[in-house]
Amino acid sequence: MTAAFPEGFLFGGAFAASQAEGGYDADGRGLSTADVTPAKRKMDYADLVELMHVSEEAIEHAKTVQGTAGYPKRLGADFYHRYEEDIALFAEMGYRTLRLSLAWSRIYPTGLEAEPNRAGLEFYRRVFTALRERGIEPLVTLSHYEMPIALVERFDGWAGREVIEHFERFATTVMTEFQDLVTYWLTFNEINTTVIEPFMGAGVIDRRDGTTVQRSWQALHHQYVASARVVRAARRIRSDFRIGCMLARMLHYPATSDPGDVLLAQTDNEFNLGFSDVHVRGAYNGVMLRRQRELGVVIEQAATDPADLAEGTVDFVSFSYYMTLVSAVDPTKYGSTGGNLFSTVKNPHLDVTEWGWQLDPTGLRHTIRELWSRYQVPLFVVENGLGATDVLESDGTVHDPYRIAYTREHLLNVREAIADGAEVLGYTTWGAMDIVSASTSQMTKRYGFVYVDFDDDGAGTGDRFRKDSFHWYREVIVSNGAAL
Ligand code: BGP
């Protein structure tokens, strides 16, 4: 019998408010970390750390700039003004779920207010209602690469323990407000990004003064405590809420069968899985604690933190999967290539995207089986997609056979992993439509099944166009995966 997706499998798409919404100053929204992130351009990933760096001076300058020019995430794909059209397109594809995030500063402009911004709440109520009316299940990420800039300036971002209570107030407000419309919640997007790109992940500015590693790991700990407390708050609001964590899974292969390479790959995998361990098992694993010691990191904890972490574990594990990496004791023996927020040793068996990301659909089956074996809780693939420079033809079509091939190969591996026994709740492609890239702030690094007519400078009509992948994905969903 051929493998099949379970009935009701949650096929859909995903995006982040910080990359899609725009409306950065509409209806009382406050300035966020995404709004002060300047435009970058496609680059060799060796430059990435430098090009993603947001200095205090850059933030001060950004605060003086009105409008979106130079700050692509202030415009995004203008979902804020076009959400009805977009949701109609998602419904036309047959989406069963849409993963989206909330802009914290749209609800609490500085993060400090005692009362929420009603206009912000009303916007999301309109969005969730429009989704529900079309039978689309919202999957809502509470924190996806943004936070009010005021909390960065006041508390050093998540490095300040005070942010925990402000985040709890935000999360409790929205989970209470939307308990009639939203069942599925995620706490922090790709929680491991906080120690890779601390400003994007946690509002921790790299001051280039030797303190960033300590501050980013402390920020991560505060996010874990906040996540655990929010999970428990969620259960008090609605006992049937389903709340998950979200990991950027980075599957590492050994460069050779040399035991040193194999051990290093195991260490790299244990370290990466350590970030979801805290959410699922309620404690840091030994490899992560050892890495903290090696980095000279000393986490300041409250006496209640270990119990908070142990009691605030999640119902399901969601993750992003784009590529795989290679672990080599001596990386100089091999070439390197780009990856999501870093570069890695080149795998000679894998092709790469235009941005150097190694293409590995088989690794997704491996990842799902491994996560299922480790945690035995339901899984959700909430990001998987191909960034490419798509071309809008004069007749309004976009031919993206490469995206169809990418998505098909990865979905076939999800289906096989399910046949291997894993429970997978759904699959949301990154992105539902073209949006601004998180790392490079490019619109022209296109992921969507819907083309959005903006360029890297925000010029264009913003009109939407159905790509070939739009029509293909619709057939996949309508057939519950049989049409793959
Ligand atoms: C993940 C993020 C997403 C998205 C994706 C693609 O790390 O969770 O927000 O951005 O990567 O990466 P990029 O947008 O940098 O091409």
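Values quoted throughout were computed directly from the atomic coordinates according to the rules given, and no laboratory measurement underlies them. From a predicted model like this one, the values you see are computed outputs, not experimental measurements. Reconstructed Cβ throughout: ideal geometry from the backbone, glycine too, with neighbour counts over all protein chains shown.
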>> Quick check: pseudo-label points 7 Å beyond the Cα along Cα→Cβ at Asp258 and Glu300, how many nm apart are they?
In response: 4.3 nm
> How much space per residue, in cubic angstrom, does the convex hull of the C-alpha atoms of the stretch 352-393 take up?
Replying inline: 92 Å³
> Of the peptides 164-171, 389-396, 451-458, how do they stack up when ordered by the mean number of other Cβ atoms within 10 Å, highest first?
Replying inline: 164-171, 451-458, 389-396
> Of the listed peptides 131-142, 342-353, 434-445, 54-65, what is their order by residue-averaged count of other C-beta atoms within 10 Å, with the highest listed first?
Replying inline: 434-445, 131-142, 342-353, 54-65
> Could you give the nm distance between label points at Ala459 and Val329, where each point is 7 Å from its Cα heading toward the beta carbon?
Replying inline: 5.4 nm
> Which value in deg cm²/dmol, rounded to the nearest 500, describes the helix-derived mean residue ellipticity at 222 nm for the chain, given -39,500 (n - 2.57) per DSSP H run of n ≥ 4 and division by the residue count?
Replying inline: -12500 deg cm²/dmol
> Length gain on complete extension for the stretch Glu153 to Thr183, per 0.36 nm per residue less the alpha carbon to alpha carbon distance?
Replying inline: 7.5 nm
>> So if each residue of separation counts as 0.36 nm, and I subtract the Cα-Cα distance between Ala419 and Arg238, what length gain in nm does that give?
In response: 61.9 nm
>> So the label point goes 7 Å from the Cα of Asp351 along Cα→C-beta, right? Which residues of the stretch 463-480 then have their backbone N under 17 Å from it?
In response: 469
> For the chain: lysine pairs with Cα atoms under 13 Å, gap of 8 or more or different chains, count?
Replying inline: 4
>> Run the simple label-point estimate for Thr397 and Ser55 please: 7 Å along Cα→C-beta, distance reported in nm.
In response: 5.0 nm
> Which percentage, to the nearest 5, of the DSSP beta bridges contained in the chain is antiparallel?
Replying inline: 20 percent
> Counting Lys and Arg as +1 and Asp and Glu as -1, what is the net charge of the other residues whose Cβ lies under 14 Å from the Cβ of Glu383?
Replying inline: +1
> For the peptides 267-277, 117-127, 376-386, 297-307, what is the packing order when you average, over each peptide's residues, the other Cβ atoms within 10 Å and list the highest mean first?
Replying inline: 376-386, 267-277, 117-127, 297-307
> Mind checking the dipole of the stretch 190-256: about its Cα centre, +1 per Lys or Arg Cβ, -1 per Asp or Glu Cβ, Debye to the nearest 20?
Replying inline: 420 debye
> Which one of Ser469, Tyr402, Val377 has its Cα pushed farthest toward the positive end of the charge dipole of the stretch 371-474, where Lys and Arg give +1 and Asp and Glu give -1 at the Cβ?
Replying inline: Val377
> Using +1 on the beta carbon of Lys and Arg, -1 on that of Asp and Glu, and nothing else charged, what's the dipole of the chain about the Cα centre, debye to 20?
Replying inline: 840 debye
> Quick one: what does P(r) look like for the stretch 10-478 with 20 Å bins over all Cα pairs, in whole %?
Replying inline: 25, 63, 12, 0
